Amino acid sequence: MTIIGVLALQGSFNEHIAALRRLGVEGVQIRKPEQLHNITSLIIPGGESTTMAKIAEYHNLFPSLREFVKMGKPVWGTCAGLIFLADKAIGQKTGGQQLIGGLDCTVHRNFFGSQIQSFEAEVLASELASTEGGPETFRAVFIRAPAIVEVGPEVQVLADYPVPSNKLLSSDSSIEDQKEKVEEQSKVIVAVRQGNILATAFHPELTADTRWHSYFLKMANEIREEVLNSIVPAQVNLSYNQQQLNDLPIFQ
């Protein structure tokens with residue numbers, strides 16, 4: 001059985017484990033750095049990113065998590081997990097928080113507002129539908145959700161969401177450039193992939209639709225096969241071994 005690690009510091013880790021179980025996959029809770037050595041793929045769930053960061057710092061998890069990502073192992077971040085994986089986050093509290101990084105994007109931490117402004121919406125996800133089947137849209141749950149306002153050239157956009165053209169991210173003058181970008185494009189990015197990293201601003205684990213989990217499992221299997229295919233087996237000199245065997249004395 002395939003085993004997927006789920007970071008279990010705070011948030012919706014049990015819901016991810018339940019979704020994986022519906023697909024016949026075992027999800028194991030990860031809380032300590034040494035546990036990362038026993039898994040090949042990791043999900044970082046949604047939750048309160050500041051709280052999760054403080055707990056991760058307490059357990060000295062950040063160095064091991066960064067190494068896990070750098071090694072090219074499959075990682076999926078949902079909501080708060082997306083914030084953790086971003087190279088840059090804006091709209092944070094004073095002092096900010098530690099990030100794992102690895103995903104070439106700028107994420108706005110509370111783009112869609114406070115907890116009471118959480119919502120559900122149909123999000124167009126053509127890549128998901130082409131890979132996993134089903135409808136072209138996904139019923140996404142946004143809870144105090146972030147949004148990606150800028151991506152690098154290696155990032156594949158899997159889903160975006162329309163916003164009013166006059167939508168403002170913050171009164172903070174340090175992010176005026178991001179405001180202009182959002183106003184020009186009238187949409188923000190809510191799902192991406194870059195190499196071994198998958199990230200969604202919404203919570204697939206809170207729905208009955210397991211297509212994003214299935215997508216991640218297939219992505220993890222593809223990466224695993226690429227790694228195995230890149231390993232060149234050692235060359236064995238069979239003729240030498242055969243000669244050695246022929247020279248052995250025959251027991252009479």
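The values are calculated or read from the model by the stated rules, or taken from the named source; none is laboratory data. Given the structure is predicted, the values throughout are model-derived calculations rather than measurements. FYI the Cβ positions are ideal-geometry reconstructions off the backbone, even for glycines, and counts take in every protein chain you see. The area values use the complete protein model at the heavy-atom level, side chains included, leaving out ligands, DNA and RNA. Shrake-Rupley method; radii C 1.70, N 1.55, O 1.52, S 1.80 Å.
Taking the stated definitions as given, is residue 144 in contact with an Asp or Glu (Cβ under 9 Å, 6 or more places away or on another chain), in a strand (DSSP E or B) and either of a type in the set (D, E, K, R) or modelled with pLDDT under 95 (or both)? Considered against the rule, which asks whether it is in contact with an Asp or Glu (Cβ under 9 Å, 6 or more places away or on another chain), in a strand (DSSP E or B) and either of a type in the set (D, E, K, R) or modelled with pLDDT under 95 (or both), residue 144 comes out as no.
Residues that are surrounded by 10 or more Cβ atoms within 10 Å (Cβ to Cβ) and either modelled with pLDDT of 95 or more or not aromatic (Phe, Trp, Tyr) (or both): does region 229-240 have at least one?
Step one: of region 229-240, the residues surrounded by 10 or more Cβ atoms within 10 Å (Cβ to Cβ) are none.
Looking through region 229-240, none of the residues is surrounded by 10 or more Cβ atoms within 10 Å (Cβ to Cβ) and either modelled with pLDDT of 95 or more or not aromatic (Phe, Trp, Tyr) (or both).
Check region 151-164 and report whether any residue there is outside any strand (DSSP E or B) and at pLDDT below 95. Yes, region 151-164 has at least one match.
Looking at 145, 125, 129, which one is more than 16 Å from the chain's Cα centre (by Cα) and buried (at least 22 other Cβ atoms within 10 Å of the Cβ)? So that I can check it myself, show each step before the final result.
Details: 145 fails: more than 16 Å from the chain's Cα centre (by Cα); 129 fails: buried (at least 22 other Cβ atoms within 10 Å of the Cβ).
After ruling out the rest, the residue left standing is 125.
Check 10, 35 and return the single one that is assigned to a loop (DSSP other than H, G, I, E, B) and of a type in the set (S, T, N, Q). Walk me through it before giving the result.
Numbers: 35 fails: assigned to a loop (DSSP other than H, G, I, E, B).
Criteria check complete, one pass: 10.
Is it the case that some residue within region 88-104 is of a type outside the set (A, V, I, L, M, F, W, C), surrounded by fewer than 24 Cβ atoms within 10 Å (Cβ to Cβ) and in a helix (DSSP H, G or I)? No, every residue in region 88-104 fails to be of a type outside the set (A, V, I, L, M, F, W, C), surrounded by fewer than 24 Cβ atoms within 10 Å (Cβ to Cβ) and in a helix (DSSP H, G or I). In this structure, does residue 27 turn out to be modelled with pLDDT of 95 or more, open to solvent by less than 60 Å² (accessible area, probe 1.4 Å) and part of a strand (DSSP E or B)? Spelling it out, residue 27 is indeed modelled with pLDDT of 95 or more, open to solvent by less than 60 Å² (accessible area, probe 1.4 Å) and part of a strand (DSSP E or B). Residue pairs whose Cβ atoms lie under 7 Å apart, separated by 6 or more positions or on different chains, with the first residue in region 39-62 and under 21 Å from residue 204 (Cβ atoms) and the second surrounded by fewer than 16 Cβ atoms within 10 Å (Cβ to Cβ), are 39/3; 39/28; 40/224.
Test residue 54 against the stated conditions and say whether it is among the charged types (D, E, K, R) and either more than 22 Å from residue 195 (Cα to Cα) or at pLDDT below 95 (or both).
The answer is yes for residue 54.
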